[in-house]
Amino acid sequence: MKSACSVNTLTSTDPSGKALYMNSALIDTTVELLLKAQHVIVLTGAGISTESGVPDFRSPGGIWEQYDPTMFFIERFLADPEEVWRCLLDMNSSQEFKLFDAIPNKGHHALAYLEEISIIQTVITQNIDNLHQKAGSRHVIEFHGNMLYAKCMECSLKSGYKKILEDLEERFPPRCPCGGILKPDAVFFGEAIPQGALKESFQEADNCDLMLVIGTSAQVEPAASLPMIAKGMNSLLRGLGTIPIPKQQCHVIEINKEATPLTGKVSDFLIQGSSGEILSIIEQKIRRIKD
Ligand code: APR
């Protein structure tokens with residue numbers, strides 16, 4: 001009989017600094033479900049990137065404690081693009097934010113490995129940091145766009161952020177060769193989710209039989225509805241009208257430092273702790289089984 005202490009291993013601290021004990025029994029269940037599932041998707045949020053030095057939004061000390069969220073309302077950008085660009089460059093130059101130079105952590109690498117051996121089919125990310133792609137994940141749906149590019153408001157030509165930073169001396173706010181103002185290619189509040197990303201994400205959520213939800217507070221719609229669609233809990237969102245067509249059984253598993261509105265209501269269970277630690281243990285267990 002396993003003693004209690006062998007089930008829980010200290011992994012990290014929660015946002016308030018309380019010690020977090022990772023439940024290894026739940027990790028074993030997750031490994032079993034990953035090996036059995038036919039269509040596995042992952043929904044990630046800013047929490048998966050904090051171990052790469054990119055702060056999340058709502059934890060203590062997060063981005064919304066340091067910057068005014070209204071700065072990222074589309075109306076504000078249209079009214080005063082210079083002000084928003086100045087804020088972005090301030091973020092980029094401050095020590096706490098390693099957005100453009102951040103490197104993937106073991107959580108990103110674990111997901112890339114699981115996709116490489118065809119255990120995971122798709123990563124839907126709310127993050128705009130490009131870290132899943134840098135880690136080698138190939139099928140990544142960017143639900144909120146990608147901050148490493150900017151798009152011309154006139155002709156939609158895309159420019160890379162590095163180039164924009166180089167050209168800043170000549171022209172501020174950054175402009176496209178056509179003269180149009182460049183806007184970061186991330187989705188601002190009040191902007192629509194890119195149509196293709198929205199449609200594909202809803203389809204993936206409708207088709208999956210296992211969804212991992214990692215590092216998100218699950219507070220921002222419509223991303224926060226994807227786990228409910230996976231559970232078949234909302235036929236309207238599934239584009240099926242009001243007919244509650246039953247969906248194949250789907251497990252939804254959270255990996256997060258804290259409970260969220262999904263916990264105990266939508267997700268099967270929460271593995272509480274550091275996403276990097278937990279995903280790395282899952283990867284090692286699956287490597288041992290596969291070897
Ligand atoms: N391991 C596991 N969980 C973590 C870690 C970690 N290392 N670090 C932080 N977390 C958890 C936090 O406890 C929190 O519950 O990740 C979650 C991050 O939540 P948010 O900061 O709200 O980020 P996210 O859910 O991605 O926000 C969604 O809101 O502001 C908008 O557009 C922005 O895409 C973003 C959206």
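Annotations
- Which listed residue, of Ile164, Ile124, Ile141, Ile120, is in a loop (DSSP other than H, G, I, E, B) and either hydrophobic (A, V, I, L, M, F, W, C) or modelled with pLDDT of 95 or more (or both): Ile120
- Lys231, sole failed condition from (1) modelled with pLDDT of 95 or more; (2) more than 16 Å from the ligand (Cβ to nearest atom); (3) of a type in the set (D, E, K, R): (1)
Here's the yes/no breakdown for (1) closer than 20 Å to Arg171 by Cα; (2) charged (D, E, K, R); (3) assigned by TED's automatic domain parsing to the domain that holds Lys134:
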| site | (1), (2), (3) |
| --- | --- |
| Trp64 | no, no, no |
| Trp85 | yes, no, no |
| Leu88 | yes, no, no |
| Ser93 | yes, no, no |
| Ala112 | no, no, yes |
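- Residue match in region 177-194 (condition: farther than 30 Å from Ile27 by Cβ and at pLDDT below 90): yes
- Of all residues in region 201-221, those that are touching a residue at least 60 places away in the same chain (Cβ under 8 Å) have Cβ atoms under 6 Å from Cβ atoms of residues that are polar (S, T, N, Q) and within 16 Å of the ligand (Cβ to nearest atom), 6 or more apart or on another chain, in Ile214/Thr44; Ile214/Ser275; Gly215/Thr44; Gly215/Ser275; Ser217/Thr260; Ala218/Thr260.
- Region 188-217 - residue that is under 24 Å from His108 (Cβ atoms), out of contact with any Pro (no Cβ under 7 Å at 6 or more places or on another chain) and in a loop (DSSP other than H, G, I, E, B) and, of those, farthest from the ligand (Cβ to nearest atom): Asp209
- Residues that are outside any helix (DSSP H, G or I) and of a type in the set (D, E, K, R) were ranked within region 86-117; the one that is farthest from His39 (Cα to Cα) is Glu96.
- Options Leu131, Leu168, Leu157: the member that is touching a residue at least 12 places away in the same chain (Cβ under 8 Å), in contact with a strand residue (DSSP E or B) (Cβ under 8 Å, 6 or more places away or on another chain) and of a type in the set (A, V, I, L, M, F, W, C): Leu157
- Looking across region 262-287, the residues that are more than 10 Å from the ligand (Cβ to nearest atom), of a type outside the set (Ser, Thr, Tyr) and not in a strand (DSSP E or B) come down to Leu262, Gly264, Lys265, Val266, Asp268, Ile281, Ile282, Glu283, Gln284, Lys285, Ile286, Arg287.
- For the residues Glu204, Glu169, the requirement of being within 23 Å of Ile120 (Cα to Cα) and charged (D, E, K, R) singles out Glu204.
- Some residue of region 164-176 being aromatic (Phe, Trp, Tyr) and not assigned by TED's automatic domain parsing to the domain that holds Thr263: yes
- Residue in region 22-39 that is surrounded by 21 or more Cβ atoms within 10 Å (Cβ to Cβ) and not assigned by TED's automatic domain parsing to the domain that holds Val220 present: no
- Selected residue (criterion: surrounded by the fewest Cβ atoms within 10 Å (Cβ to Cβ)) from residues of region 104-151 that are β-branched (Val, Ile, Thr) and away from the ligand (no atom under 15 Å from the Cβ): Ile117
The values are calculated or read from the model by the stated rules, or taken from the named source; none is laboratory data. Keep in mind it's a predicted model, so treat the numbers as computed, not measured. Because the Cβ atoms are built from the backbone with ideal geometry, glycine has one as well, and the counts that use them run over all protein chains shown.
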